[in-house]
Amino acid sequence: MHAKAFEYLVKNDLLKCNVKFLIEGEEEIGSPNLPAFCEAHKEMLKADIILVSDTSIIAKDIPSVTTGLRGLAYWEVEVTGPNRDLHSGLFGGAVANPINVLAKMIAAMTDENNHITIPGFYDDVIEVSQEERALMAKAPYNEEAYKKAIDVAELSGEAGYTTNERTGIRPSFDVCGIWGGYTGEGAKTVLPSKAFAKISTRLVPNQDHEKIAEIFKSHFEKMAPASVQVKVTTLHGGQGYVCPIDIPAYQAAEKAYEKVYGQLPVPVRSGGSIPIISSFEDILGMKSVLMGFGLESDAIHSPNENFPVEQFLKGIEAISWFYHHYKG
C-alpha cells in the first residue's frame, strides 16, 4: 500500500515531503536486530514521523486509528520429572506427571476473576480514567456479532472490564502452545518425562517487559513442587505504545480516513503488539502513527489469513491523502 501510494504521488508530482522506507522481516519474532540497526543509523533514519500500517479498523465501513498497543513478554517453559518416559500403570500415582504439574501451575496463574496472580505483575499498570473509558465505550461494538464471528457461546476475561477494555487497556495471560508425552495415533500408556508450554502476556503501557519477564520466571520456577524441575526461557518481548491524538500526523491521518470512508475514524487501543514501535520512540525520538486497514475477518495468525483487495485499494488511497494533509 505504501509503495503504491508513493508511486502514484511521485508519478503525479504530488509528494510534498521526503519519504524513507524501512523494511524488515522479523516483526513476528520481536524484531531482535532492528533496534541495534536504529542505534547505528540514527542520522540516516532521522524523520518527523513514522507511518505504519500493521493494524486494523473496526469494520470496512467504520474506520479507526490505533492509538495504543500492548506490550509483550513471551517464554518457553520446560517441566522435567523422571529421567525417561515411564509406564503409567507401573508408576502412575507414585511419580509426579510433568504434564499434570504444568497444567496446575498454569491454572494457578489467574484467579476466579481472571486476575493474573504473579506477585508484582500489576505494580506499574496505570488505571485508565473513567473519562477515557467512557470515550472507549463509544466505539461501535456488537457482542453477539463478536461471539458469532469466532463461534463461542460466552466471552471470558478480567472481571470489571468490558471486552474492548480487556484487550485495549488491561494486560492478559495466555498459553500459546502446550505439549508433552504421547500425542500420536491411538493409545500409549506413558507417564512422560517432560512437558512444555509457550506462554505470553500482553502488557499495557508503563509495564516494562524485561521486568515482567524476570518476575514471571522467578515466580514460576519457585512455585514448582520438588517432584519436578522447571526451566523458564525468555524468548522475546516489547514495550507498549500510546500515540497522542493532537499531533499533526495523527490529524492528517484522521482527514485521510474521512476522505476515503466518508467519516472521521474512531481512536481505539489495540490488544496487539508491535514491539519495534516503542523502540523507534526510545531510540529515534519519533512517534509512530498507525494507519491500519485490516479487518476482523482477515483471520490474522490463523490458517487462511487474508487481506481483501478492497482494503488494499482503500489503503493506497488513504495513505496518499495522508501526505496531502500532513504539514510536518
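The values are calculated or read from the model by the stated rules, or taken from the named source; none is laboratory data. Here the structure is a predicted model, which is why all the values come from computation and not from measurement. Here the Cβ positions follow ideal geometry from the backbone for every residue, glycine too, while neighbour counts run over all protein chains shown.
Values computed for the structure shown
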{"quantity": "Count - residues of segment 249-286 that are farther than 21 Å from THR201 by Cβ, crowded, with 17+ Cβ neighbours inside 10 Å and among the small types (Gly, Ala, Ser)", "calculated": "4"}
{"quantity": "Which numbered condition GLU214 misses (of (1) outside the structural domain of GLU281 (by TED's automatic domain parsing); (2) touching a residue at least 40 places away in the same chain (Cβ under 8 Å); (3) within 23 Å of ILE126 (Cα to Cα))", "calculated": "(2)"}
{"quantity": "Every residue from segment 65-104 that is of a type in the set (Gly, Ala, Ser) and either more than 22 Å from GLU281 (Cα to Cα) or surrounded by fewer than 18 Cβ atoms within 10 Å (Cβ to Cβ) (or both)", "calculated": "GLY81, SER88, GLY89, GLY92, GLY93, ALA94, ALA96, ALA103"}
{"quantity": "Among the residues listed as TYR141, TYR161, TYR146, the single one being buried (at least 16 other Cβ atoms within 10 Å of the Cβ) and farther than 21 Å from GLN239 by Cβ", "calculated": "TYR161"}
{"quantity": "Candidates SER56, SER31, filtered to the one that is in contact (Cβ under 8 Å) with a residue 24 or more places away in the chain and on the phi > 0 side of the Ramachandran plot", "calculated": "SER31"}
{"quantity": "Residue match in segment 236-256 (condition: within 19 Å of HIS2 (Cβ to Cβ), among the aromatic types (Phe, Trp, Tyr) and either in the same structural domain as ALA213 (by TED's automatic domain parsing) or in contact with a helix residue (DSSP H, G or I) (Cβ under 9 Å, 6 or more places away or on another chain) (or both))", "calculated": "no"}
{"quantity": "Of residues in segment 149-158 being among the small types (Gly, Ala, Ser) and surrounded by 10 or more Cβ atoms within 10 Å (Cβ to Cβ), the one farthest from ILE58 (Cα to Cα)", "calculated": "GLY157"}
{"quantity": "Strands (runs of 3 or more DSSP E) completely within segment 220-328 that count 3 or more residues being of a type outside the set (A, V, I, L, M)", "calculated": "229-238"}
{"quantity": "Where GLY177 falls short, out of the listed (1) in a strand (DSSP E or B); (2) small (Gly, Ala, Ser); (3) in contact (Cβ under 8 Å) with a residue 24 or more places away in the chain", "calculated": "(3)"}
{"quantity": "Qualifying positions in segment 196-219 - part of a loop (DSSP other than H, G, I, E, B) and crowded, with 20+ Cβ neighbours inside 10 Å", "calculated": "VAL204, GLN207"}
